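Have a look at the structure below, then the notes.
Please treat every number below as a calculation from the coordinates, not as lab data. Note that this is a predicted model, so its numbers are computed, not measured. Positions of Cβ are backbone-derived with ideal geometry, glycine not excepted, and every protein chain shown enters the neighbour counts.
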Amino acid sequence: MRRKKKEKRIILPDPVYGNVTVAKFINQVMRRGKKEKARKIVYKAFDIIKERTKKEPLEIFDLALKNVKPVLEVRPRRIGGATYQVPRPVLAERGMTLSMRWIIGAARSKKGKPMREKLAEELIAAANNTGAAIKKKEDTHRMAEANRAFAHFAW
């Protein structure tokens, strides 16, 4: 018997920009339940973006997420004793989650600066189609392309 479908949580828009995507991004940045600290990091990163690019930070943020969002990914599938990496299209919501995760991960992996500066730099780089998060997306696409021969195993 299947278990019941998980109910989606309704995430309220963030207080400053009134944007649900920014609220989700803040939740991803958050560690150990320190939401106010995460908010400060994201909003100060947006201030840095506005200062450096002279553009609206939400535009840069949306463009960065769109550029990093993957189209294909590989999922392992076990068939007859062998495990194949099967390329699959990425659903919209998962693509958005992955792009947020990759941008934050790339910012965290940098050293020597406050998180707000690292996050601002990574968002600007992603908006310009450069940076570690874009490289991660390209690697994922390259892996999916390399395993295209196993696409007929997709379920």
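The residue among Val86, Leu98, Val42 whose Cα reaches farthest toward the positive pole of the charge dipole of region 20-153, with charges on the beta-carbon of Lys, Arg, Asp and Glu, is Val42.
Relative to the longest principal axis of the Cα atoms of the chain, the long axis of helix 132-146 makes an angle of roughly 10 degrees. Computed over region 20-153, relative contact order equals 30 percent, with contacts defined as Cα pairs under 8 Å that lie 6+ residues apart. Give me the angle, in degrees from 0 to 90, between the Cα long axis of helix 20-29 and the longest principal axis of the Cα atoms of the chain, rounded to the nearest 10. For helix 20-29, the angle is close to 90 degrees.
Using a Cα-Cα cut-off of under 15 Å, which aspartates and glutamates could be cross-linked to Lys66, ignoring same-chain neighbours fewer than 8 residues away? Straight-line reach from Lys66, under 15 Å: Glu93, Glu122, Glu138.
Applying 1/(1 + (r/R0)^6) with R0 = 22 Å to the Cβ-Cβ distance of His141 and Gln28 gives a FRET efficiency near 0.50. With the helix formula -39500 (n - 2.57) applied to DSSP H stretches of n ≥ 4, the chain reaches a computed 222 nm mean residue ellipticity of -18000 deg cm²/dmol. Candidate cross-link partners of Lys6 among the lysines, defined by an alpha-carbon separation under 25 Å and a same-chain spacing of 8 or more, comprise Lys24, Lys35, Lys69.
Exceeding 31 Å between C-alpha atoms, which entries from my cross-link table qualify? They are Lys5/Lys135; Lys34/Lys111; Lys8/Lys110.
Details: Lys5/Lys135 34 Å; Lys34/Lys111 21 Å; Lys8/Lys110 33 Å.
Going by Cα-Cα distance, Lys5/Lys135; Lys8/Lys110 fall outside the 31 Å limit.
With 0.36 nm allotted per residue and the present C-alpha distance subtracted, the Glu36-Lys55 stretch has 4.3 nm of extension available.
With both labels modelled 7 Å from their Cα along Cα-to-Cβ, the Leu91 to Glu117 distance reads 4.0 nm.
As I understand it, the value is the acute angle between the Cα axis of helix 92-109 and the longest principal axis of the Cα atoms of the chain; what does it come to in degrees, rounded to 10? Once rounded, one gets 60 degrees.
May I ask you to work out the translational diffusion coefficient for region 1-60 at 25 °C, viscosity 0.890 mPa s, via Stokes-Einstein with Rh from the Kirkwood sum over Cα pairs, reported in whole µm²/s?
Working: Rh = 13.1 Å.
D = 187 µm²/s.
By count of other Cβ within 10 Å, fewest leading, how are Asp14, Asp47 ordered?
Values: Asp14 19, Asp47 13.
Lowest count first: Asp47, Asp14.
Each of Arg39, Arg32 was scored by other Cβ atoms within 10 Å of its Cβ. Arranged with the fewest first, they read Arg32, Arg39. The label point for Arg9 and the one for Asp47, both projected 7 Å from the Cα toward the Cβ, are 2.8 nm apart.
When the Kirkwood hydrodynamic radius is evaluated over all pairs of different C-alpha atoms of the chain, what value in angstrom, to one decimal, is obtained?
Working: mean 1/r = 0.0587 Å⁻¹.
Evaluated over the chain, this radius sits at 17.0 Å.
Given a Förster distance of 35 angstrom, what is the FRET efficiency for Arg148 paired with Asn128, based on the Cβ-Cβ distance and rounded to 0.05?
Working: r = 29 Å, r/R0 = 0.83.
Computed FRET efficiency for Arg148 and Asn128: 0.75.
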